[in-house]
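The values are calculated or read from the model by the stated rules, or taken from the named source; none is laboratory data. No experiment lies behind these values; they were computed from the predicted model shown. Positions of Cβ are generated from backbone atoms using ideal geometry, with glycine treated the same way; all protein chains shown enter the neighbour counts. These area figures cover heavy atoms from the full protein model, side chains too; ligands, DNA and RNA do not enter into them. Shrake-Rupley method; radii C 1.70, N 1.55, O 1.52, S 1.80 Å.
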Amino acid sequence: MIFHGALDIRHTRLLPSPLDAESIKKSLLQGREILRHRYSDNGNGAGLLHCHSRLVDGILRQVWQGMAMPDSIALLAVGGYGRRELFPHSDIDLLVLLSTERGTTGLDGPTKMRLEQWVRLLWDIGLDIGHSIRTIAECAEEAVKDITVQTSLLEARQLAGRRRLFDEFFYSMQAMLEPVPFFIAKQLEQEQRHGRYQDATSNLEPNIKESPGGLRDLQNILWVSRAAGMGKSWANLSDGGFITHQEARLAQRHRAVLQDLRIRLHYLSGRREDRLLFDYQTPLADELDISGKPPRRPSEMLMQRYYRAAKGVTQINTILLHTLRAEIFPDPDAVPVIINERFRQRGELLEICHENVFRQHPIAILESVLLLQQRPGLKARSAATLRAMWRAAPLINAAFRRHPLNRALFMEILRQPRGLTRELRLMNRYGILGRYIPAFGRIVGQMQHDLFHVYTVDEHILMVVRNLRRFMAPEFTHEYPLCSRLIRQFKRPEVLYLAALFHDIAKGRQGNHSVLGKKDARRFCQHHKMLPEDTDLVAWLVENHLVMSSTAQKKDISDPEVLAGFAAHMRSERALIALYLLTVADIRGTSPKVWNAWKNKLLEDLFRAAQRHLCGEVAHSDSTLTCRKNEAMELLQPDNIPASEFEQLWSVLDPDYLLLHDATQIAWHTRHLLDQMSPPAPVVKARIAPAKAGIEVLVYAGGQTDLFARICGFFDNIDYNIVQAKVHTTRHGYALDTFLVLDPFDVAQGDTNVLGFIEHELTQQLAQQAPLQPPLKGRVSRHLRHFPIMPEVDIEPDEKGEYHILSIVAGDQPGLLSRIAQVLVRFGVDVHSARVNTLGERAEDTFLVTGNILNKSRTLIHLETELIKVLQTSFENS
């Protein structure tokens, strides 16, 4: 914690000091090493944190006294250090409290220089301090402006200096505490912090301190209870009746698990690292003697331990914040309104009429969910209701699941227009959803190492449901206009929510998870008396939930036969709409980084084309060519170019060109190539792609067999990602290539100079025709280091026998496309189109290629072997 007013020590002249910094540093290192060895023996996390704080206390006092600091100031420990929870590599937060009302400007020269020397000396000793120098008035001013500062000061304790000054500070801070605004600010702060992690408890690489379910959630409860005068510890809360003794023990147990992981993580990383990254999961599992249970790895067993603790923290945090809110915001005039014999409403809370409601009537568990959804005046369950429901969750058994009323209630929950995401997440948090759908219970906390999902399977599934519900919300219409329009017109949207709940429910089992999930989904729908056509659609969606994504990103959807095949696979327009909505929600639910404008456009283009096909607009090559030409001519009319000149250019282009490109691309190419059909130098043009899906680059050049490899190398070197390439050779031997590239920083959207840079630099490189440079080498991501992907190469002839389809799966890494392109050049293989699909750290690239060697099995095997070799080598050498 560093406030404004911290001393500038960069140009400080050091005063002579009797303190021996090296000796003190040695004592600090020895003390820390003793603590580390002791911790490895006894594993007492709370003891380590307390002893580490005491060790640092002693050194700070020694330095303070050795420098003869004036009696008029005081040294305070604040923040985590203030509450004696100093982790091995955490910052040491300090406050120097001044008695003068003029702040640092009122310090006399000797005191100011002594403080500057003190700061420098502490850094030389090896203490990572965050310091501030303030008067009581300045502390109060900062606390009013920033709830984080106020919370940190709440933990203050005196280390050295004037006791009366500290007492004055303490009473001043206590007098400032107002429970109501403090609670509101801390709750808002928690909501914002959770939002930064997508409200996901089960992130694959969680932050032990800050993530939902992390240590901060436990601290937040104690801060609020302390501010309200209800207690400073779990024992205080238990004694005061705010929490049961069992819940207090659970909170302390979960805190011990999280503290242990964080301590070990600091020691293992050698720095203040609070993220449980893949790099550390296996070493931590080894350190804790956690063995795997095939097919689960030791690291997965470790993460199960974390997820259980985080889930428990979230459960306790939710219950206690409700409890504290009721105490801090009492409403003595609130009259309970009877809803039925089981429930009543008090203010904005749903209450049970007596503590045994759920045990006597287990059906009330689902009934409470429905009431929260149907009654806008209800915001949450009371703490007692939530606690009772949590305890009653084990009553959800086979008999409960078979009961017709429970089945009907669950379907009503799915049909409600509000509150579904919130309630499903709460049901998952308290073990209700996994008990009602046992297959869902088996994937709770299950990790997935496919390098593009960043959540556990259950968290991802609920994120997909959230995305579908988000399409329904008017305030998010601007994000996905087409999805919002389609879902609002979609009858019985519970079909979509069930498809989302079951689409990945069979992950981790032996076999195809889509096929296995289909069986689970069909059985569930039949048991819940869904219409036969809806049951069929849910099962079909689960089985085919990857089809649209795969088609859009790996196949040429401008090919009428590809489009016809995809449309034939769709059962109806309703099925197509449902699959499109599920696909967008699914991709968006894997990771915030996987979705981009290009994927959005690909899926939307495929959806619209398939919809037209299903509505009777069947595309034939001849009619498509005529339509494309006519559309392009309409776009070119404002240019006042005679049609005869268009036809002259188009006469040297094969029909495949018109099929591969849309009308806007054809018009754009035509404008730039009319006057230079046989240019002596390469022509390079760039523009922002439609729908801002990236940067579109046109390359027109003759006589370069390695053109594709050169272009790949250029974009690799400037860190742009090629996601699509359309390669065409004119009848007079020129290459007319179109590339769609993604700018990782989106600079081009606001700076057209980037387009000029691409045009100039790429033109120069192609004109020089220098020898191909070795592909770019870079560091492989830490994800790939721990979960490597063995390269896969497959080369098969297409259905027409005109081309071969080269499919490559490999770990994404710098220079990947250049390596592939240069191998193809060496083997005399020409690229006609490329689809480059990156899912997190996984690259799935598809190329349409030709070449004499592809028809010879011996050389074909040699090509496949060489491709696998360079992909493996690039990984091993990084």
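If you take every residue apart from Leu420 with its C-beta less than 12 Å away from the C-beta of Leu420, what net charge results, scoring Lys and Arg +1 and Asp and Glu -1?
Working: positive: Arg415, Arg418, Arg422, Arg425, Arg466, Arg469, Arg470; negative: Glu412, Glu423, Glu494.
Charge balance near Leu420 sits at +4.
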TODO: Let me have the relative contact order for the range 560-703, percent, based on Cα pairs under 8 Å that are six or more residues apart.
DONE: 23 percent
TODO: Jot down the per residue volume, in cubic angstrom and as a whole number, of the convex hull over the alpha-carbon atoms of the range 760-878.
DONE: 126 Å³
Task: Coordinate range along principal axes, alpha carbons of the range 114-211, Å, largest first - done: 48, 38, 18
Task: Cα gyration tensor category, rounded, prolate or oblate, for the range 50-201 with a/c compared to 1.5 - done: oblate
Task: Solvent accessible area, Å² - Cys712, 1.4 Å probe, full protein context - done: 0 Å²
- [ ] State the Kirkwood hydrodynamic radius of the chain in Å, one decimal place, computed from all pairs of distinct Cα atoms.
- [x] 31.7 Å
Open item on the list: Averaged across orientations, what area in nm² does the convex hull of the alpha carbons in the range 809-851 project?
Closed with: 2.8 nm²
Task: Compactness index (Cα Rg / 2.2 N^0.38 Å), the range 354-422 - done: 1.09
TODO: Order the following by accessible area, largest value first: Ser90, Ser651. Probe radius 1.4 Å; ligands, DNA and RNA are ignored.
DONE: Ser651, Ser90
Task: Vicinal HN-Hα couplings computed from phi for the range 415-428 (Karplus, 6.51 cos²θ - 1.76 cosθ + 1.60; Hz; Gly/Pro x) - done: 8, 6, x, 9, x, 5, 4, 4, 6, 5, 5, 5, 4, 5
Open item on the list: If you take every residue apart from Ile352 with its C-beta less than 14 Å away from the C-beta of Ile352, what net charge results, scoring Lys and Arg +1 and Asp and Glu -1?
Closed with: +3
Task: Karplus-derived HN-Hα couplings along the range 845-850 (A = 6.51, B = -1.76, C = 1.60, θ = phi - 60°), whole Hz, x at Gly and Pro - done: 10, 10, 10, 9, 10, 9
Open item on the list: Normalised by the empirical 2.2 N^0.38 Å for globular proteins, what value does the Cα Rg of the range 556-678 take?
Closed with: 1.28
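Can you tell me the alpha carbon radius of gyration of the range 315-384 divided by the globular rule-of-thumb value 2.2 N^0.38 Å?
Dividing the Cα radius of gyration by 2.2 N^0.38 Å gives 1.08.
Which of the chymotrypsin sites (Phe, Trp or Tyr not before Pro) found in the range 688-774 are loop residues per DSSP with 14 or fewer other Cβ atoms within 10 Å of their Cβ? Show your work: numbers first, answer last.
Working: sites: Tyr700, Phe708, Phe714, Phe715, Tyr720, Tyr734, Phe739, Phe745, Phe757; in loops: Tyr720, Phe745.
Passing sites in the range 688-774 are Phe745.
Take the eigenvalues of the Cα gyration tensor for the range 384-435, scale each by 5, and report the square roots as semi-axes in whole Å, largest first.
Working through the eigenvalues yields semi-axes of 17, 16, 9 Å.
Taking 8 Å as the Cα distance limit and 6 or more residues as the minimum spacing, I'd like the relative contact order of the range 252-384 as a percentage. Don't jump to the answer; show the numbers that get you there.
Values: 113 pairs, mean separation 21.2, N = 133.
Taking the mean separation of contacting Cα pairs over the length of the range 252-384, I get 16 percent.
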Open item on the list: Tell me whether the range 247-394 comes out rounded, prolate or oblate; compute the Cα gyration tensor, take square roots of the eigenvalues as a ≥ b ≥ c, and use a/c under 1.5 as the rounded threshold.
Closed with: prolate
- [ ] Could you pull the accessible area for Ser233 with a 1.4 Å probe, rounded to 10 Å²?
- [x] 40 Å²
Task: Table column - 3J(HN,Hα) (Hz), the range 470-486, Karplus curve with 6.51, -1.76, 1.60, x for Gly and Pro - done: 5, 4, 6, 6, x, 5, 10, 4, 5, 6, 9, x, 5, 4, 4, 5, 5
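Once you list every other residue whose beta carbon is under 11 Å from the beta carbon of Trp390, what net charge do they have if Lys and Arg are +1 and Asp and Glu are -1? Display every interim value, and only then the final one.
Working: positive: Arg381, Arg387, Arg391, Arg429; negative: Glu247.
Charge balance in the 11 Å sphere: +3.
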- [ ] With no solvent and one equal point scatterer placed on each C-alpha of the range 634-694, evaluate the Debye formula and give log10 I(q)/I(0) for q = 0.24, 0.30 Å⁻¹, two decimals.
- [x] -1.23, -1.43
Task: Size descriptor, Kirkwood hydrodynamic radius, that averages inverse alpha-carbon separations across the range 229-330, Å - done: 15.4 Å
TODO: Starting from the Cα of Lys293, draw a straight line to each of the lysines and keep only those under 25 Å, dropping any in the same chain fewer than 8 residues away.
DONE: Lys311, Lys507
Open item on the list: Solvent-accessible area of Lys629, probe 1.4 Å, all protein chains present, reported in Å² to the nearest ten, please.
Closed with: 60 Å²
Open item on the list: Charges at C-beta only: +1 for Lys and Arg, -1 for Asp and Glu. How large is the resulting dipole of the chain about its Cα centre, in Debye rounded to 20?
Closed with: 3460 debye
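Given a 1.4 Å probe and heavy atoms of the protein chains only, how would you sort Met301, Met427, largest accessible area at the top?
On the way: Met301 45, Met427 0 Å².
Most to least solvent-accessible, the answer reads Met301, Met427.
Quote the Stokes-Einstein diffusion coefficient, in whole µm² s⁻¹, for the range 652-792, based on the Kirkwood radius over alpha carbon pairs, a temperature of 10 °C and a viscosity of 1.306 mPa s. Numbers along the way, then the final one.
Details: Rh = 16.4 Å.
Answer, rounded: 97 µm²/s.
Going by the alpha-carbon gyration tensor, a ≥ b ≥ c the square roots of its eigenvalues, is the range 449-574 rounded (a/c under 1.5) or, if a/c is not under 1.5, prolate (a/b greater than b/c) versus oblate?
On the way: a/c = 1.17, a/b = 1.07, b/c = 1.10.
Note, shape of the range 449-574 comes out rounded.
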TODO: Scan the range 470-569 for trypsin sites (Lys or Arg not before Pro) in coil per DSSP, keeping those whose Cβ has at most 12 other Cβ atoms within 10 Å, and list them by number.
DONE: Lys491, Lys529
